[in-house]
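Presented below is the structure to which this report refers.
Computed from the coordinates by the stated procedures, all read-outs in this text should not be read as laboratory data. In this text, all values refer to a predicted model and were calculated from it rather than measured experimentally. Cβ placement follows ideal geometry from the backbone for every residue including glycine, while neighbour counts extend to all protein chains displayed.
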Amino acid sequence: MLGLKLPTDPRWVNIAEMNIDDILTDHAFCEQKAASTAISLIVSFPEYSDLVQEMTVLVEEEISHFKMVHDLILERGSKLGRDRKDAYVAALLKFFPKGGSRTTQLVHRLLYAALIEARSCERFRLLSENLRDKKLAKFYKKLMISEAHHYTLFLNFARRYGDREKVDAKWNALLVFEAAIIRDLSNTQTIHG
């Protein structure tokens, strides 16, 4: 369903489980960045009323996810750590050239967002199926479903606003590019690493 060209190395779950506090901090900041992305799309493209409507709902959902993760961190007797640079997203942003028409810029941003959500969905599935902590496993299963919805939301908007054939070609090229990123990144205690 997600179309990812390279599945996550199953050993990533073991690394994640051994470093669950780091994973939870990274996850919290991923949710905050997702809310920021939705706000940025509203600010940058206010003329797309249907996008603005959906992004408004998404902001609320993503910030509620941030709160849920933060609450889990506190419940576990920990504190939210500091945000770290996301090597995955930094590498992903190199795919499309800067510039182009407003529509092209919008489509590119939607495709990035769709792919980040797809990879998050895949990682959350792995956590939901493999974590020994059943409460966390259940938590990640619930969020996996949300991420799948977000992935399709962004991809469908890209297809709506851009030429479908060109968008699908870019999407497939982006999937291949992302597979190389996943192959080159080490298995780290981050959601996308």
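Values for this structure:
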item: Among F66, F124, F45, residue whose mean-square fluctuation peaks in a GNM of the chain (springs only between Cα atoms under 10 Å); result: F45
item: Kirkwood hydrodynamic radius (C-alpha pairs) into Stokes-Einstein, segment 1-109, 25 °C and 0.890 mPa s, D in µm²/s; result: 151 µm²/s
item: Whichever aspartates and glutamates have a C-alpha closer than 18 Å to that of K135, once near sequence neighbours (fewer than 8 apart) are set aside; result: E17, D21, D22, D71, E75
item: Computed FRET value (nearest 0.05) for T104 with L80, which takes r as the C-beta separation and R₀ as 45 Å; result: 0.80
item: Qualifying GluC sites (Glu not before Pro) for segment 23-106 [loop in DSSP, other Cβ within 10 Å: at most 11]; result: E47
item: Value at 222 nm in deg cm²/dmol, rounded to 500, when DSSP H runs of n ≥ 4 in the chain each add -39,500 (n - 2.57); result: -26000 deg cm²/dmol
item: Using θ = phi - 60° and Karplus 6.51 cos²θ - 1.76 cosθ + 1.60, couplings along segment 93-106 (whole Hz; Gly, Pro as x); result: 5, 7, 5, 9, x, 6, x, x, 5, 4, 5, 4, 4, 4
item: Segment E47-A173, extension gain: residue separation times 0.36 nm, minus the distance between their alpha carbons; result: 42.5 nm
item: Sparse-neighbourhood loop sites, trypsin sites (Lys or Arg not before Pro) in segment 128-163 - DSSP loop, at most 11 other Cβ within 10 angstrom; result: R132
item: Residue-by-residue Karplus 3J(HN,Hα) for segment 173-184, coefficients 6.51, -1.76, 1.60, Hz, glycine and proline x; result: 5, 5, 4, 5, 4, 5, 4, 5, 5, 4, 5, 7
item: Per-residue ³J(HN,Hα) for segment 40-54, Karplus 6.51 cos²θ - 1.76 cosθ + 1.60, θ = phi - 60°, Hz, x for Gly and Pro; result: 4, 5, 5, 5, 7, 10, x, 6, 8, 4, 5, 5, 4, 4, 5
item: Over 21 Å between alpha carbons, listed pairs K79/K141; K67/K142; K98/K166; result: K79/K141
